[in-house]
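Comments concern the structure below.
The values are calculated or read from the model by the stated rules, or taken from the named source; none is laboratory data. What you see is a predicted model; the values in this text were computed from it and never measured. Cβ coordinates were reconstructed from backbone atoms using ideal geometry, including for glycine residues, and neighbour counts include every protein chain displayed. Accessible surface is based on the protein model in full, side chains and every heavy atom, while ligands, DNA and RNA are left aside. Shrake-Rupley method; radii C 1.70, N 1.55, O 1.52, S 1.80 Å.
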Amino acid sequence: MLATLRAIAESVSQQANLDSALVCFVKMVKDAMNTQCCSIYFADYSQDNFVLMATEGLNPDAVGKFRIGFTEGLVGLVAQREEPINIAFAKAHPRFKLSPEVNEESYNAFLSVPVVHQKKILGVIVVQQKMARVFSQDEESFLITLSAQLASQLAHAEIKEILRQDESSHQTSVLKGVSSAPGISIGKAFVVIPKLNFKSIELTKNSNVNEQRRLFSQAVAATRKEFHTLSMTLSDTIPQEALAVFDVYQQLLDAKSLGHNVEAQLQEGWCAKSALKIVIERLVAQFNQMQDPYIKERAVDVKDIGLRVLHHLVNTEHAIKDYPENTILMAHTLTPSMLAEVPSERLAGVVSIKGSANSHASILTRAMGVPAIWGIEDLPLLQFDDKEMILDAFAGRLYISPSQTLIKEYTQLQYQDDLLNNRFLEEQSLPATTLDGEHISLLLNAGLELNTQQNSAHICDGVGLYRTEAWFMQKGQFPSQQEQEKWYREVLTRYYPNPVVMRTLDIGGDKVLDYFNITEENPFLGWRGIRISLDHPELFLDQLKAMLKANIGLGNLKIMLPMISGTDEVEEALGLFNQAYYELGEAFPEQLIEKPDIGIMLEVPSSIFMLPEWSKKVDFCSVGSNDLTQYLLAVDRSNARVADLFNPYHPAVLRVLSNIANECEHYELPFSLCGELGGDPEGAILLIAMGYRRLSMNLSSLNKVKWVLRRLNVSDMEQLLDECLAQPNAKQVLRLTRNFMIEHQLGNLFYTPK
Ligand code: PEP
Ligand code: MG
């Protein structure tokens, strides 16, 4: 069964378009289940009905025409119930609806399953047979498995098809994602080259044959050069006979083999990438059909060569391309280094397929104030390249090839958004004091963005979280102590005399160093943060010493330890901290080395229960609400699929945050919060009501939060908190906070353009 399932999924995925994929699907399922009929219906939400998309066994003329309402017939029932229906006499069922146009009178047995993708019914698969019988449990499970496997494939095929149709009909199409940095951008897509495969190449025509031929020859030449270099590099390590494989590769690249086949496709009007795809896929299929295992193996070589040429082809295209004026950067999994490569004045927006609003790359876009959405459908990205688009990161929508009317509408909304931001800017130098006179220390989260935030020092009360890992990530090796000292000194000086809380290295999870391999099944539950530092005291001591030395003569440094989960870690880390301090004192007796405050992050749930003991050992703590939410709710913060479940407004998270404030007050341990929640005006309001008086956030949130706080009373916030803590879920909490904002004339902060 498994082999059949795989074969069906593979064959469907290799089809050039949705129609042929569905035709292939129904045929293979009918054969595999040994029935007389298999059909697939797609949900059309614009008309509230299902349309017959493909069939083997019903009237073929009804394909694309026959429609049945969402609540009609057995097909409608399967969708309504969202579960399979398996009946021996379909016609005897009260929901059976006779539809003469499809010719299904001769069938009795009926097995149908819904096709569901991310809670949405995409369609319904129906298998029918003349003989009246109930399908076996195995057959039912087979169809369910197939439907689940194919749901995402079909969802993507459906979107691809919409994009294709839109291109020819000049309509706008829209994709949904999760907003991670609010705002609107209107620009052109620049796709960061994904890991290439031929599946990701859409067949497209290009009438400029000469240009396409030139691109292809350039790519072949680059591939030849690459093979030459490879064979030279390997010549010392592998025998001469084995190197002969490169000669074979070079021959395959000759005009006589690959060249003239591609040329024929170029002549037919295909662009170079499409021509290459057609030729390679055909050759691979031919080799695969051979009986001789040796010749069959050559399919792998052909594919390898094809991919290398494709890689150069795409690179050549990109190399000659500049980032557009308003670049909307698109990637499969966006990383901070991809962001860093775009000149900042050109970066207008960001779209990432994988990841979610809480990943570090996403936090970085927020810090940079660049609208971003995460977690759109997993599509062959290259088809977006160079397309005009509107990114509505308020509503998490991406409009491809927008109409002029839509562009006009969004330009107006962008203008209004700018006006609002300017109002925040006008008050940025004023104190963050509430109407009833309570001063809230607003601190900066910094470090993820390496370019210095020169102008930020005067608008904040210092730095509440300096993420040191970004420095390490951009280097090709661990930085030296001197190098680190220079970086840290620069930051401490910039914010002097205000405090700077520097966090020791927090790599692992979604922050990887190219030169320090950590491959794990569950990276967020693995070797991360303090665990790595304690396992590598030489690195940890180096970093601590660099911080202590950078602080000489300034004295505004505080040190914070990430991911603390147990007392042993606190004690070991403090032991190494003392060691670094004393060793420096011995090495530089003439210098006055200050001993800074040392604190911990509260982000692993166990830490919350250890405050009675730890409050005697450390000087302060800061809540990392990003990780705390992730670990409390068991939701991977960078997984788009569960992004809806990552919600710091979950009453459990709010209750924990409130308990932390009470405990810290009780044990007189200074506390603050530096997760993203504090940068959200509604989050900040609830936290202040809980007793937090120090909140650390990114620069773009800081102005907004300050502006909001200056218009509210703490006593009103406290009343709101009491109600929120009693709510059963995050949705109700957010309903209350939103109403609160509206009541206090702050509702315009939440406008969602569409
Ligand atoms: C947090 O976890 O809330 C936090 C501030 O740290 P980071 O996002 O860097 O993990
Ligand atoms: Mg954290």
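Suppose we keep only residues that are free of Cβ contacts under 8 Å to residues at least 12 places away in the same chain and part of a helix (DSSP H, G or I) within segment 1-52. Which one would you say is most open to solvent (accessible area, probe 1.4 Å)?
Top of the filtered list is Arg6.
From the list Pro562, Pro596, Pro605, pick out the single residue that is within 16 Å of ligand 2 (Cβ to nearest atom), closer than 25 Å to Glu483 by Cα and in contact with a helix residue (DSSP H, G or I) (Cβ under 8 Å, 6 or more places away or on another chain). Don't jump to the end; show me each part of the working.
Working: Pro596 fails: within 16 Å of ligand 2 (Cβ to nearest atom); Pro605 fails: closer than 25 Å to Glu483 by Cα.
Matching residue, one of Pro562, Pro596, Pro605: Pro562.
Collect the residues in segment 269-328 that are outside any helix (DSSP H, G or I) and in contact with a Ser or Thr (Cβ under 8 Å, 6 or more places away or on another chain), keeping them in residue-number order. I'd like the intermediate steps shown before the answer.
Restricting attention to segment 269-328, the residues satisfying the condition of being outside any helix (DSSP H, G or I) are 269-271, 290-292, 320-328.
Across segment 269-328, the qualifying residues are Gly269, Trp270, Cys271, Asn326, Ile328.
So which of Ala652, Ala689, Ala684 is out of contact with any Phe, Trp or Tyr (no Cβ under 7 Å at 6 or more places or on another chain), assigned to a helix (DSSP H, G or I) and open to solvent by less than 10 Å² (accessible area, probe 1.4 Å)? Outline the logic, then answer.
Details: Ala652 fails: open to solvent by less than 10 Å² (accessible area, probe 1.4 Å); Ala689 fails: open to solvent by less than 10 Å² (accessible area, probe 1.4 Å).
Going through Ala652, Ala689, Ala684 in turn, the sole match is Ala684.
For segment 529-552, what are the residues that are within 16 Å of ligand 2 (Cβ to nearest atom) and open to solvent by less than 20 Å² (accessible area, probe 1.4 Å)? Don't jump to the end; show me each part of the working.
Start the filter on segment 529-552 by keeping residues that are within 16 Å of ligand 2 (Cβ to nearest atom), which leaves 529-533.
Gly529, Ile530, Ile532, Ser533 - these are the residues of segment 529-552 that are within 16 Å of ligand 2 (Cβ to nearest atom) and open to solvent by less than 20 Å² (accessible area, probe 1.4 Å).
Quick check on my filter: what residues within segment 693-711 are in contact (Cβ under 8 Å) with a residue 60 or more places away in the chain and either part of a strand (DSSP E or B) or touching a helix residue (DSSP H, G or I) at 6+ places or on another chain (Cβ under 6 Å) (or both)?
Of all residues in segment 693-711, those in contact (Cβ under 8 Å) with a residue 60 or more places away in the chain come to 693-707, 709-711.
Passing the criteria: Arg694, Leu695, Ser696, Met697, Asn698, Leu699, Ser701, Asn703, Lys704, Val705, Trp707.
Do any residues in segment 437-449 that are small (Gly, Ala, Ser) have Cβ atoms under 9 Å from those of residues that are in a loop (DSSP other than H, G, I, E, B) and within 13 Å of ligand 1 (Cβ to nearest atom), where the two are at least six apart or on different chains, and which pairs are they?
Pairs found: Ala446/Asn698; Gly447/Thr468.
Considering only residues that are open to solvent by 20 Å² or more (accessible area, probe 1.4 Å) and either within 15 Å of ligand 1 (Cβ to nearest atom) or modelled with pLDDT under 95 (or both), which ones fall in segment 658-674?
The first filter runs over segment 658-674 and keeps only residues open to solvent by 20 Å² or more (accessible area, probe 1.4 Å), leaving 659, 662-663, 665-668, 670-671.
Listed by number, the list holds a single entry, Phe671.
I want to confirm something. Restricting to segment 469-491 and keeping residues that are charged (D, E, K, R) and outside any loop (DSSP other than H, G, I, E, B), which single residue is most open to solvent (accessible area, probe 1.4 Å)? Step through it out loud before you land on a result.
The first filter runs over segment 469-491 and keeps only residues charged (D, E, K, R), leaving 469, 475, 483, 485-486, 489-490.
If we keep only those that are outside any loop (DSSP other than H, G, I, E, B) as well, we get 469, 483, 485-486, 489-490.
On the way: Glu469: 0, Glu483: 59, Glu485: 46, Lys486: 145, Arg489: 87, Glu490: 75 Å².
Selected residue: Lys486.
In this structure, is Leu122 in a strand (DSSP E or B), more than 17 Å from Lys30 (Cα to Cα) and under 42 Å from the mean Cα position of the chain (by Cα)? Break it down into steps so the answer makes sense when it comes.
On the way: in a strand (DSSP E or B): yes; more than 17 Å from Lys30 (Cα to Cα): yes; under 42 Å from the mean Cα position of the chain (by Cα): yes.
Spelling it out, Leu122 is indeed in a strand (DSSP E or B), more than 17 Å from Lys30 (Cα to Cα) and under 42 Å from the mean Cα position of the chain (by Cα).
Look at segment 595-625 and say how many of its residues are under 29 Å from the mean Cα position of the chain (by Cα) and surrounded by 21 or more Cβ atoms within 10 Å (Cβ to Cβ).
Residues meeting the conditions: 10.
Ser625 fails exactly one of the following numbered conditions: (1) within 16 Å of ligand 2 (Cβ to nearest atom); (2) within 21 Å of Asp568 (Cα to Cα); (3) polar (S, T, N, Q). What is the number of that condition?
Of everything listed in (1) within 16 Å of ligand 2 (Cβ to nearest atom); (2) within 21 Å of Asp568 (Cα to Cα); (3) polar (S, T, N, Q), Ser625 misses just condition (2).
Determine if segment 569-580 includes at least one residue that is within 21 Å of Leu695 (Cβ to Cβ), at pLDDT 95 or above, surrounded by fewer than 22 Cβ atoms within 10 Å (Cβ to Cβ) and within 16 Å of ligand 2 (Cβ to nearest atom).
Applying the first criterion (within 21 Å of Leu695 (Cβ to Cβ)) to segment 569-580 yields none.
No; the residues of segment 569-580 include none that is within 21 Å of Leu695 (Cβ to Cβ), at pLDDT 95 or above, surrounded by fewer than 22 Cβ atoms within 10 Å (Cβ to Cβ) and within 16 Å of ligand 2 (Cβ to nearest atom).
I'm trying to understand the selection: among the residues of segment 270-297, which are surrounded by fewer than 18 Cβ atoms within 10 Å (Cβ to Cβ) and of a type in the set (S, T, N, Q)?
Answer for segment 270-297, where residues must be surrounded by fewer than 18 Cβ atoms within 10 Å (Cβ to Cβ) and of a type in the set (S, T, N, Q): Gln286, Asn288, Gln289, Gln291.
Looking only at helices (runs of 4 or more DSSP H) that fall completely inside segment 529-638, which ones have 2 or more residues that are more than 16 Å from ligand 1 (Cβ to nearest atom)?
On the way: elements: 530-535, 537-550, 567-587, 605-608, 611-614, 625-633.
Ranges flagged: 530-535, 537-550, 567-587, 611-614.
Quickly run through segment 468-491 and pick out the residues that are within 14 Å of Gln543 (Cα to Cα), touching a residue at least 60 places away in the same chain (Cβ under 8 Å) and within 16 Å of ligand 2 (Cβ to nearest atom).
Result: Thr468, Ala470.
State all residues of segment 511-528 that are open to solvent by 50 Å² or more (accessible area, probe 1.4 Å) and within 16 Å of ligand 1 (Cβ to nearest atom); if no residue qualifies, say none.
So in segment 511-528, the residues open to solvent by 50 Å² or more (accessible area, probe 1.4 Å) come out as 512, 514-515, 517, 519-522, 525, 527.
Result: Val512, Asn522, Leu525, Trp527.
With respect to Cys724, is the statement that it is within 16 Å of ligand 1 (Cβ to nearest atom) and either within 26 Å of the chain's Cα centre (by Cα) or not aliphatic (A, V, I, L, M) (or both) true? Before you say what the answer is, go through the steps one by one.
Numbers: within 16 Å of ligand 1 (Cβ to nearest atom): no; either within 26 Å of the chain's Cα centre (by Cα) or not aliphatic (A, V, I, L, M) (or both): yes.
No.
In segment 417-436, what residues are open to solvent by 30 Å² or more (accessible area, probe 1.4 Å), in contact (Cβ under 8 Å) with a residue 24 or more places away in the chain and within 18 Å of Pro371 (Cβ to Cβ)?
The answer is Asn421, Leu425.
Quick one: which residue in Arg655, Arg641 is modelled with pLDDT under 95 and among the charged types (D, E, K, R)?
Exactly one residue qualifies, and that residue is Arg641.
Any residue at all in segment 100-114 that is in the same structural domain as Val23 (by TED's automatic domain parsing), closer than 16 Å to Phe135 by Cβ and surrounded by fewer than 16 Cβ atoms within 10 Å (Cβ to Cβ)?
no
For segment 250-269, state whether one or more residues are free of Cβ contacts under 8 Å to residues at least 40 places away in the same chain, open to solvent by 60 Å² or more (accessible area, probe 1.4 Å) and aliphatic (A, V, I, L, M).
yes
Determine if segment 492-509 includes at least one residue that is of a type in the set (Ser, Thr, Tyr), in contact (Cβ under 8 Å) with a residue 24 or more places away in the chain, under 21 Å from Asn358 (Cα atoms) and open to solvent by less than 50 Å² (accessible area, probe 1.4 Å).
First, pick out the residues of segment 492-509 that are of a type in the set (Ser, Thr, Tyr): 493, 495-496, 504.
Okay, now just the ones that are also in contact (Cβ under 8 Å) with a residue 24 or more places away in the chain, so 493, 495-496, 504.
So of that shortlist, the ones also under 21 Å from Asn358 (Cα atoms) come out as 504.
Subset that is open to solvent by less than 50 Å² (accessible area, probe 1.4 Å): 504.
Checking segment 492-509: at least one residue is of a type in the set (Ser, Thr, Tyr), in contact (Cβ under 8 Å) with a residue 24 or more places away in the chain, under 21 Å from Asn358 (Cα atoms) and open to solvent by less than 50 Å² (accessible area, probe 1.4 Å).
Rundown of residues vs (1) in the same structural domain as Thr493 (by TED's automatic domain parsing); (2) closer than 30 Å to Val500 by Cβ; (3) open to solvent by 40 Å² or more (accessible area, probe 1.4 Å), yes/no style:
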{"residue": "Phe384", "(1), (2), (3)": "no, no, no"}
{"residue": "Lys387", "(1), (2), (3)": "no, no, no"}
{"residue": "Tyr399", "(1), (2), (3)": "no, no, no"}
{"residue": "Tyr415", "(1), (2), (3)": "no, no, yes"}
{"residue": "Leu442", "(1), (2), (3)": "yes, yes, no"}
{"residue": "Cys460", "(1), (2), (3)": "yes, yes, no"}
{"residue": "Arg467", "(1), (2), (3)": "yes, yes, no"}
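Assuming Val653 fulfils every condition listed in (1) more than 18 Å from Ala357 (Cα to Cα); (2) within 15 Å of ligand 1 (Cβ to nearest atom); (3) not acidic (Asp, Glu) apart from one, which condition is it?
Evaluating Val653 over (1) more than 18 Å from Ala357 (Cα to Cα); (2) within 15 Å of ligand 1 (Cβ to nearest atom); (3) not acidic (Asp, Glu) leaves (1) as the failure.
Looking at the structure I just gave you, is Glu101 more than 23 Å from Leu2 (Cα to Cα) and among the acidic types (Asp, Glu)?
Taking the combined requirement at face value, the residue satisfies it.
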